[in-house]
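Just so you know, all these numbers are worked out from the coordinates, no wet-lab data involved. If you're wondering where the values come from, they're calculated on a predicted model, not measured in any experiment. Virtual Cβ from ideal backbone geometry, glycine too; neighbours counted across all protein chains shown.
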Amino acid sequence: MLTVEQLREAMGRLPRVELAVLPTPVHECPNLSRELGISLAVKRDDLTGLAFGGNKTRKFEFVFGDALQKGADVIVAGFGSQSNFARQAAAACARLGLKCYLVNRYDDRARKVGIQGNYLLDFILGARVWLVPPEQLADARRKLAEELRALGHRPYILNDTEAVLGAVAYAGCVAELTEQLAEPPQYLVLASGSGTQAGVLLGVKALGLPTRVIGFRPSRVPDATVKEQIAAIATEAAALMGLKIRVQPEEVENSEDYVGEAYGIVTPACLDAIELLARTEGILLDPVYSGKAFSGLVDYVRRGIIPTGSRVVFIHTGGQPAIFAYASEFIEHGGYRMQVVEDIRRGILSPVPAPGD
Ligand SMILES: Cc1ncc(COP(=O)(O)O)c(C=O)c1O
């Protein structure tokens, strides 16, 4: 078992650049705690400070540390068209003076809303953005890296190292949280399908905390695959830090029960959960990751899987710019237009005059 200082020392073996505003705050949620019958706090990793923040900014301190140590001068990265990873990569590149090439998926959201949300921010942040069909993604990134190399650049593909170095960063998040709280929580809940949960589990295990870590993944992937991946990432991150800690797949608790139809398609429960936290605590979640995970947390409490009275910390991993790419789903689900119509009908609101009226 390590102390917080020893865990920090182990992290200190790895190259790191400063990108995030740390420590991120822990916000107690008195109103929602009362409503749910638990003691809930939110660890605000949506407030890591770089271009709307999120979990990648914390991870990128180590990933860009590695890139710079390896002499990289251009960065290649990418995921979905609304990728929070890509947006934070573009911002980190801007800050560090690196050119950013994003090769993202041409997916349903891009077809539906075009340049909006994270995709819009990628451009504002100065990245070059290409959208390619999903099946060509990995090849397109490698090919681009080769072309950049042929031009005399030293490209670094962020996707290759993000999970393991990101897990180092999230072990650090647990160290940070341990210093912020009087006592370790009984439950740590988060949206994650890989590196973030691996790091959190590693941190909990390294510090010997009596905390159950519950991850809710954003996509449909077989349970065994996810558990094996998370355990392998955690074990590899530990080895990088010189720690002899192994995380086994059986130690990983990660559920896909709140994904709904598929990755990136909102569920009614997710939209309800986003409104619930927004309207009780003024905290916004995102519709792809944290909103679905929070709907899982609420359901676990209502079903008694997380018992009444428990101390729960939700790690908010960010992602809010995607809200704007899902505006139509929010408007429809929440009946927002009907609220306006109703208020006009009752004479509370005047209709907005048309231009020229
Ligand atoms: C908002 C948000 N939450 C959670 C995650 C999941 O992180 P990880 O890949 O480390 O599991 C992501 C990843 O893109 C994200 O953008």
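Here is how the numbers come out for the structure above:
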quantity: Residues being within 13 Å of the ligand (Cβ to nearest atom) and of a type in the set (G, A, S) - total across segment 52-66; calculated: 2
quantity: Single condition P134 does not satisfy, out of (1) closer than 27 Å to P23 by Cα; (2) within 16 Å of the ligand (Cβ to nearest atom); (3) surrounded by fewer than 18 Cβ atoms within 10 Å (Cβ to Cβ); calculated: (1)
quantity: Failed item in (1) farther than 24 Å from S328 by Cα; (2) surrounded by fewer than 24 Cβ atoms within 10 Å (Cβ to Cβ), with F123 passing the rest; calculated: (1)
quantity: Of all residues in segment 329-342 being out of contact with any Phe, Trp or Tyr (no Cβ under 8 Å at 6 or more places or on another chain) and touching a residue at least 40 places away in the same chain (Cβ under 8 Å), the one that is surrounded by the fewest Cβ atoms within 10 Å (Cβ to Cβ); calculated: G334
quantity: Residue list for segment 278-294, restricted to those being within 14 Å of the ligand (Cβ to nearest atom) and assigned to a helix (DSSP H, G or I); calculated: S290, G291, K292, A293, F294
